[in-house]
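*Asks:* I am attaching a structure below and will ask some questions about it afterwards.
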Amino acid sequence: MSEPSALPVVGIAVESPQHAGMVPCLDYRSEQPLSPGTLVRVPFGKRDVPGIVWQVGADAAAVGVELRDVRQALTALPPLSGAWRQLVAFAAGYYQRSLGELALAVLPPELRRLDVTQLDRRLARLKPAATAASADPAPPALSADQAVAVAALLDAAPTTHLLHGVTGSGKTEVYLQAAAHALAAGRQVLVLVPEINLTPQLEARFAQRFAGHRLVSQHSGLTPAQRLRHWLAAHLGQADLVLGTRLAVFASLPRLGLIVVDEEHDPSFKQQEGARYSARDLAVYRGRLEQVPVVLGSATPSLESWQRAEQGAYRRLALPKRIGGGALPRVRLVDMSLLPRDQVGSRALSPPLLEALQVRLSRGEQSLVLLNRRGYAPVLHCAACGWKSACPHCSAWRVFHKGDRTLRCHHCGFAERVPRACPDCGNLDIQPVGRGTERLEEQLALALPDARVARIDADTTRPKGALEAQLGAVHAGDVDVLVGTQMVTKGHDFRRITLVAAVNPDSGLFASDFRAPERLFALLMQAAGRAGRDAGQASASEMWIQTWHPRHPLYTALLAHDFAAFAAAQLRERESAGLPPFSSLALLRAEAKSAQAATDFLHAAAAAAVDLPDAAGVTVYPPVPPPVARVAGVERMQMLVESRSRGALQRMLTHWLPALHALRQKDKAHRAVLRWAVDVDPLAI
Ligand SMILES: [Zn+2]
Ligand SMILES: [Zn+2]
């Protein structure tokens, strides 16, 4: 026991190796009084680590313990606001992570490294943007629907709005005008988009409209120095607009006045590692916390958001018509079961579809052919002995890539040259089975010898700048038929495409994940939206779907462009099955060298849950392997936890997590578990 400290005590959030279950803050002494939200450097073990002052005053538990001193306080930086800290604390609690881990993880890595001197230097170099000489250009006139949406956004008390607008209906203009009002009131605007690829286009539109304001982006494609600069510009209030991907939901914005979440249904708003937060859901929370309006925009809203709007928790704003009176593309289903056998077989393209592509080609129009699987063929097969191109490290096939003659595993990345002969029996005639975009591109080039065929997928766009160059070729009219994965359906505005075809979308109808139909519907609606963006061509534009199940209700709704009917049918199914949004889920995942060790851990975890408070309202299901159980030599198992009450699930998890940490630490049997994690509101089951 040491002398009681005379210096004031502060609770600091630090990143600690253990997660959840430990005290949220560590106590330190500080010579100078520090406000909550101040960035500091403190000793932790033998290291010097960054931290954030979370509370002032001693924790009861810490009395009598010898405290160490705060080394440095970065007081040149204004403290992080109370609202920011509350957002982070909520996210840490809800997603079951430690406060310090999350609070520091969402700051730019460069900022975490700075000491007082380095920070001063950075701040000195940070020139406030020259006050713009140019005024913002005048906005275009709004359609009647847009005007209603903008008025609704501005009139009432701040709330969450679901802006449901078909593709081409001018959602962006609604964002822009709502942003203009917030900026005019001296507030900052936060715009979240699902992917980095989409930021340049939206950024350009915002930058053009708000030429008199400073806009910064926040996403993982920036250099560390840029990320710090942009973060500081927002935090210091120098930037008026922040446009970014999911991480930007944690941007420090002292004058926040509006949050926009574009394509709110997109799964990439959910972080898939570490703290598995949903930026969309946190944006809604943040809006409520800071009393600012939130706009969730989509042509195919998530069923969670749709249900909230149905219940009246969100206010629904509808843009049912395309700008300029353009018609939505006509949807045509090709019933593959009616085609003669010799016309389907191994061929990806039915004769009617080929004919339609030929007609567009002869008219000088562009077509987009969608296949959501890259590579040449998903597997190679030896007919003589039955060998298949399995990945030695995963429970998955290696994909045949013809371009660089490799067999590549899309789960662990393991790649080898394609063998000349079957590795098991020496048969020279090993065959690709099925098709990916690479093979489809080859088949299209053969079937349409006069067409200029191009392909856009994760393989063709790997080199920096490749995507921009390829999109440029499409826009310039140097491409007649574009083959692509879902990557091409997102946000790109292809004015000359008049035909979109989905070659093999049926697998999404019967996948094990209950969200698969929702994803498929969104993908097809979005793909259809690429066609006929020019009103002049819109009447002639079409979406073709090759299917073996033309009477499936999903396609019936798609034929009518009827999202509401699709959503109502899906929600009825979800309700009767007790699935989200009618229940809350969490997924406990475990990884080990053997499936048995992972399973044992999950069984022990289930046993530890039985006597917890609120356990009665929560169902813990038996462990099951995920669709791809083994990846890079590691076996994975998962266990679903479900409750009708979000609150009950949250309370149960809060008590369960410390028990899980203890389980792994105290019981030798569970040391074999390499990693485990809980995913609250998981998107993939
Ligand atoms: Zn063989
Ligand atoms: Zn693999």
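*Asks:* For residues that are part of a strand (DSSP E or B) and surrounded by fewer than 15 Cβ atoms within 10 Å (Cβ to Cβ), scanning just the range 417-432, find the one that is nearest to ligand 2 (Cβ to nearest atom).
*Replies:* Arg417
*Asks:* If you take the residues of the range 353-370 that are open to solvent by 30 Å² or more (accessible area, probe 1.4 Å) and among the polar types (S, T, N, Q), which of them is farthest from ligand 1 (Cβ to nearest atom)?
*Replies:* Ser362
*Asks:* Hey, among the residues in the range 645-675 that are assigned to a helix (DSSP H, G or I) and in contact with a Lys or Arg (Cβ under 8 Å, 6 or more places away or on another chain), which one's least open to solvent (accessible area, probe 1.4 Å)?
*Replies:* Out of the qualifying residues, it is His670.
*Asks:* Does the range 187-233 hold any residues that are of a type in the set (Ser, Thr, Tyr) and either open to solvent by 50 Å² or more (accessible area, probe 1.4 Å) or out of contact with any Ser or Thr (no Cβ under 7 Å at 6 or more places or on another chain) (or both), and which are they? Show your work before the answer.
*Replies:* Taking the range 187-233 as the starting set, the residues that turn out to be of a type in the set (Ser, Thr, Tyr) are 199, 217, 220, 223.
Matches in the range 187-233: Ser220, Thr223.
*Asks:* Would you point out the residue of the range 559-591, among those that are assigned to a helix (DSSP H, G or I) and without any contact (Cβ under 8 Å) to a residue 12 or more places away in the chain, that is most open to solvent (accessible area, probe 1.4 Å)? Please lay out each step first, then the result.
*Replies:* Initially, the range 559-591 is screened for residues assigned to a helix (DSSP H, G or I), giving 559, 563-577.
Next, from what is left, pick out any that are without any contact (Cβ under 8 Å) to a residue 12 or more places away in the chain: 564-565, 568, 572-573, 575-576.
On the way: Ala564: 48, Ala565: 46, Ala568: 40, Arg572: 157, Glu573: 116, Glu575: 101, Ser576: 103 Å².
Step by step, filter the range 559-591, then rank; the result is Arg572.
Matching residues to (1) aliphatic (A, V, I, L, M); (2) open to solvent by 10 Å² or more (accessible area, probe 1.4 Å); (3) at pLDDT below 95:
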{"site": "Leu243", "(1), (2), (3)": "yes, no, no"}
{"site": "Phe269", "(1), (2), (3)": "no, no, no"}
{"site": "Leu289", "(1), (2), (3)": "yes, yes, no"}
{"site": "Gly297", "(1), (2), (3)": "no, no, no"}
{"site": "Gln307", "(1), (2), (3)": "no, yes, no"}
{"site": "Pro329", "(1), (2), (3)": "no, no, yes"}
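*Asks:* Pairs only if they're at least six apart or on different chains, beta carbon under 8 angstrom, first in the range 592-616 and under 21 Å from Ser645 (Cβ atoms), second charged (D, E, K, R) and open to solvent by 30 Å² or more (accessible area, probe 1.4 Å); list them, first residue then second.
*Replies:* So the pair list comes out as Pro613/Arg651; Asp614/Arg651.
*Asks:* Taking the criterion of being away from ligand 1 (no atom under 16 Å from the Cβ), open to solvent by 20 Å² or more (accessible area, probe 1.4 Å), on the phi < 0 side of the Ramachandran plot and in a helix (DSSP H, G or I), would at least one residue in the range 475-485 satisfy it?
*Replies:* Yes, some residue in the range 475-485 is away from ligand 1 (no atom under 16 Å from the Cβ), open to solvent by 20 Å² or more (accessible area, probe 1.4 Å), on the phi < 0 side of the Ramachandran plot and in a helix (DSSP H, G or I).
*Asks:* Would you call Arg373 closer than 23 Å to Cys425 by Cβ, more than 15 Å from ligand 1 (Cβ to nearest atom) and buried (at least 20 other Cβ atoms within 10 Å of the Cβ)?
*Replies:* No, not satisfied.
*Asks:* What number of residues in the range 482-526 are within 26 Å of Arg572 (Cα to Cα) and either touching a Leu at 6+ places or on another chain (Cβ under 9 Å) or charged (D, E, K, R) (or both)?
*Replies:* 18
*Asks:* Name the residues in the range 400-413 that are more than 16 Å from ligand 1 (Cβ to nearest atom) and either touching an Asp or Glu at 6+ places or on another chain (Cβ under 6 Å) or farther than 19 Å from Pro626 by Cβ (or both), would you?
*Replies:* His401, Lys402, Gly403, Asp404, Arg405, Thr406, Arg408
*Asks:* Something else about it: Would the range 596-604 turn up any residue that is touching a Leu at 6+ places or on another chain (Cβ under 9 Å), among the polar types (S, T, N, Q) and under 29 Å from Cys391 (Cβ atoms)?
*Replies:* no
*Asks:* How many residues, within the range 604-631, are open to solvent by 60 Å² or more (accessible area, probe 1.4 Å) and part of a loop (DSSP other than H, G, I, E, B)?
*Replies:* Matching residues across the range 604-631 total 7.
*Asks:* Return only the number of the condition from (1) under 18 Å from the mean Cα position of the chain (by Cα); (2) closer than 23 Å to Arg113 by Cβ that Val216 does not satisfy.
*Replies:* Going through the list (1) under 18 Å from the mean Cα position of the chain (by Cα); (2) closer than 23 Å to Arg113 by Cβ, Val216 breaks only (1).
*Asks:* To continue, here is another question. Residue pairs, Cβ under 6 Å, 6 or more apart or interchain, first in the range 392-416 and over 18 Å from Arg439 (Cβ atoms) and in a loop (DSSP other than H, G, I, E, B), second more than 8 Å from ligand 2 (Cβ to nearest atom) and open to solvent by less than 50 Å² (accessible area, probe 1.4 Å). List them.
*Replies:* His393/Gly633; Ser395/Val628; Ser395/Ala629; Ala396/Val628; His411/Val628
*Asks:* Related question: Would you check which residues across the range 225-258 are of a type in the set (Lys, Arg) and in contact with a helix residue (DSSP H, G or I) (Cβ under 7 Å, 6 or more places away or on another chain) and list them? I'd like the intermediate steps shown before the answer.
*Replies:* Applying the first criterion (of a type in the set (Lys, Arg)) to the range 225-258 yields 227, 229, 246, 255.
Listed by number, the residues that qualify are Arg227, Arg246.
*Asks:* Now a separate question. Pairs please, first residue from the range 305-327 and in a loop (DSSP other than H, G, I, E, B), second anywhere and modelled with pLDDT of 95 or more, Cβ atoms under 6 Å, 6+ apart in sequence or on different chains.
*Replies:* Close Cβ pairs satisfying both conditions: Tyr314/Thr160; Tyr314/Leu162; Tyr314/Arg308.
*Asks:* Of everything in the range 376-416 that's hydroxyl-bearing (Ser, Thr, Tyr) and within 16 Å of ligand 2 (Cβ to nearest atom), which residue is least open to solvent (accessible area, probe 1.4 Å)?
*Replies:* By that ranking, first place goes to Ser389.
*Asks:* Ok, one more. Could you check the range 433-467 and list, in sequence order, the residues that are part of a loop (DSSP other than H, G, I, E, B) and within 16 Å of ligand 1 (Cβ to nearest atom)? Full working, then the answer.
*Replies:* Looking only at the range 433-467, we keep the residues that are part of a loop (DSSP other than H, G, I, E, B), and these are 434-436, 448-452, 457-465.
Of everything in the range 433-467, nothing turns out to be part of a loop (DSSP other than H, G, I, E, B) and within 16 Å of ligand 1 (Cβ to nearest atom).
The values are calculated or read from the model by the stated rules, or taken from the named source; none is laboratory data. The model shown is predicted, which means the values in this text are computed figures rather than measured ones. Please note: Cβ atoms are built from the backbone with ideal geometry, for glycine as well, and neighbour counts cover all protein chains shown. These area figures cover heavy atoms from the full protein model, side chains too; ligands, DNA and RNA do not enter into them. Shrake-Rupley method; radii C 1.70, N 1.55, O 1.52, S 1.80 Å.
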